[in-house]
Amino acid sequence: MFRRLFGRGQDAPRTEEEAQQEEQKIDQATAKARSGLFGQISNLFAVDDPITEELWDDLEMLLIQADVGVETTQYLVNRTKDRCNRNGVKRVREAKDMLKAEMVRVFQDQVRPPASAQPYVLLVVGVNGAGKTTLIAKLAQRLKIQFGKNVLLAAADTFRAAATEQLETWAERAGVPVITRGQGADPGAVVYDAVEAALAQNVDVLIIDTAGRLHAKTNLMRELEKLRNIIRRRIPSAPHEVLLVIDATTGQNGVLQAKSFMQAVDVTDVAVTKLDGTAKGGIAFAIAQDIERPIRYIGTGEKITDLAMFDSQAFVDSLFA
Ligand SMILES: Nc1nc2c(ncn2[C@@H]2O[C@H](COP(=O)(O)OP(=O)(O)O)[C@@H](O)[C@H]2O)c(=O)[nH]1
Ligand SMILES: [Mg+2]
């Protein structure tokens with residue numbers, strides 16, 4: 001899906017220039033983490049000493065501080081130790097590549113085979129303030145400008161005042177149409193209209209914004225279930241992607257909230273926003289390991305172009321660059 005959704009046709013590869021631009025954005029998003037805790041981790045491995053238990057203790061402490069989470073940290077440290085033993089690595093300096101390889105693996109364990117459909121229906125969920133609407137604008141702009149896709153947005157967050165207007169403002173900037181019914185309207189009616197419009201207007205990608213009230217979990221569950229049923233009545237294979245948006249700056253708490261969402265709806269993929277706003281960045285590992293879904297996109301800033309396709313190798317490299 002990833003390749004096809006963000007591609008110029010069946011499996012069209014990215015150009016060299018596009019790949020470089022993506023890496024620059026990932027570098028930009030991890031600048032704080034790189035000069036902070038991951039910089040300290042890099043320093044741990046910068047000496048040419050024999051490996052001792054102290055190295056693993058220090059590594060464990062720094063990974064936990066970097067928001068990797070206790071369980072994922074222990075998993076990573078144990079796997080790294082094993083990998084060092086298997087490969088006969090005895091010097092601290094050489095252990096860094098072993099750690100990096102295990103870090104990449106955490107993400108790759110979650111890879112999901114691509115789906116392709118037209119219209120491709122993307123349902124975006126997550127708590128208020130996570131960055132859903134901003135991310136939708138970024139995706140819409142990228143799909144339209146870079147890949148020439150016919151994109152339609154649906155303003156199904158009808159709960160909060162100004163939510164619809166916010167999406168309309170972004171849609172205008174991205175130059176894509178948006179289906180709305182205004183504040184207080186039935187989100188199901190918005191989704192119904194949007195699906196009909198997507199089918200009638202030969203839309204490639206329909207992106208649906210939703211409300212994120214977590215305090216009423218049963219309501220949320222019922223509402224998301226209802227939206228899904230409305231979509232499925234017209235497009236049985238949809239939604240093709242249920243994207244959970246998680247704010248990186250909320251740390252372990254964000255992971256807990258995300259788990260709550262997983263109980264309300266079948267999440268297929270994750271977007272991590274505001275990575276640029278945290279010096280920790282280790283939260284991405286905790287998310288991939290705990291949520292058990294692939295990270296698809298990352299938010300690298302507040303501008304409409306501040307979006308990167310997640311690439312596990314580029315991400316891990318950028319943390320230690
Ligand atoms: N620094 C930064 N800010 C972001 C990013 N994504 C969203 N934001 C900000 O987070 C706030 C909430 O975003 P919004 O899209 O309205 O969240 P929603 O309630 O989930 O729809 C806004 O002030 C955005 O500008 C990001 O990747 N980086
Ligand atoms: Mg919103």
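What about A66, is it buried (at least 23 other Cβ atoms within 10 Å of the Cβ), touching a residue at least 12 places away in the same chain (Cβ under 8 Å), more than 16 Å from ligand 2 (Cβ to nearest atom) and not polar (S, T, N, Q)?
yes
Which pairs have Cβ atoms under 9 Å, sit 6 or more apart or on different chains, and link a residue in the stretch 123-137 that is under 11 Å from D157 (Cβ atoms) and in a strand (DSSP E or B) to one that is of a type in the set (G, A, S) and near ligand 2 (Cβ under 8 Å from one of its atoms)?
Every condition considered, the pairs that remain are V125/G212.
Return only the number of the condition from (1) within 13 Å of ligand 2 (Cβ to nearest atom); (2) within 20 Å of V272 (Cα to Cα); (3) of a type outside the set (A, V, I, L, M) that R160 does not satisfy.
(2)
Quick check on M262: is it in contact with a strand residue (DSSP E or B) (Cβ under 8 Å, 6 or more places away or on another chain) and over 18 Å from V127 (Cα atoms)?
No: the conditions fail for M262.
Evaluate the stretch 92-115: report whether one residue or more is touching a Cys at 6+ places or on another chain (Cβ under 9 Å), closer than 21 Å to A314 by Cα, without any contact (Cβ under 8 Å) to a residue 40 or more places away in the chain and away from ligand 2 (no atom under 16 Å from the Cβ).
Looking through the stretch 92-115, at least one residue is touching a Cys at 6+ places or on another chain (Cβ under 9 Å), closer than 21 Å to A314 by Cα, without any contact (Cβ under 8 Å) to a residue 40 or more places away in the chain and away from ligand 2 (no atom under 16 Å from the Cβ).
Taking only the stretch 158-194 into account, find how many residues are buried (at least 20 other Cβ atoms within 10 Å of the Cβ), under 15 Å from V124 (Cβ atoms) and either basic (K, R) or in contact with a strand residue (DSSP E or B) (Cβ under 9 Å, 6 or more places away or on another chain) (or both).
13
Could you list, ordered by first residue, the pairs with Cβ atoms under 9 Å in which the first is in the stretch 285-308 and at positive phi and the second is assigned to a strand (DSSP E or B) and surrounded by fewer than 24 Cβ atoms within 10 Å (Cβ to Cβ), at least 6 apart or interchain?
G301/L307
Kindly list the number of the only condition in (1) surrounded by 15 or more Cβ atoms within 10 Å (Cβ to Cβ); (2) more than 14 Å from ligand 1 (Cβ to nearest atom); (3) closer than 21 Å to V265 by Cβ that fails for E102.
With respect to (1) surrounded by 15 or more Cβ atoms within 10 Å (Cβ to Cβ); (2) more than 14 Å from ligand 1 (Cβ to nearest atom); (3) closer than 21 Å to V265 by Cβ, E102 is out only on (3).
Restricting attention to the stretch 4-46, and to residues there that are within 30 Å of V205 (Cβ to Cβ) and of a type in the set (S, T, N, Q), which single residue is modelled with the lowest pLDDT?
Q10
Can you find even one residue in the stretch 209-219 that is over 23 Å from R296 (Cβ atoms), out of contact with any Ser or Thr (no Cβ under 9 Å at 6 or more places or on another chain) and either modelled with pLDDT of 95 or more or within 14 Å of ligand 1 (Cβ to nearest atom) (or both)?
Looking for residues that are over 23 Å from R296 (Cβ atoms), out of contact with any Ser or Thr (no Cβ under 9 Å at 6 or more places or on another chain) and either modelled with pLDDT of 95 or more or within 14 Å of ligand 1 (Cβ to nearest atom) (or both), one finds at least one in the stretch 209-219, hence yes.
Here is a check on your reading of the model: is E241 in contact with a Ser or Thr (Cβ under 9 Å, 6 or more places away or on another chain) and among the acidic types (D, E)?
Answer is yes for this residue.
Hey, can you tell me all the residues within the stretch 46-89 that are charged (D, E, K, R) and either closer than 27 Å to V272 by Cβ or touching a Pro at 6+ places or on another chain (Cβ under 6 Å) (or both)?
Once the filter is applied, which keeps residues that are charged (D, E, K, R) and either closer than 27 Å to V272 by Cβ or touching a Pro at 6+ places or on another chain (Cβ under 6 Å) (or both), the stretch 46-89 yields D58, E60, D67, E71, R79, R83.
Taking the stated definitions as given, is E292 farther than 19 Å from G39 by Cβ, modelled with pLDDT of 95 or more and not aromatic (F, W, Y)?
The answer is no for E292.
The values are calculated or read from the model by the stated rules, or taken from the named source; none is laboratory data. What you see is a predicted model, and the numbers here were worked out from it, not measured in a lab. Virtual Cβ from ideal backbone geometry, glycine too; neighbours counted across all protein chains shown.
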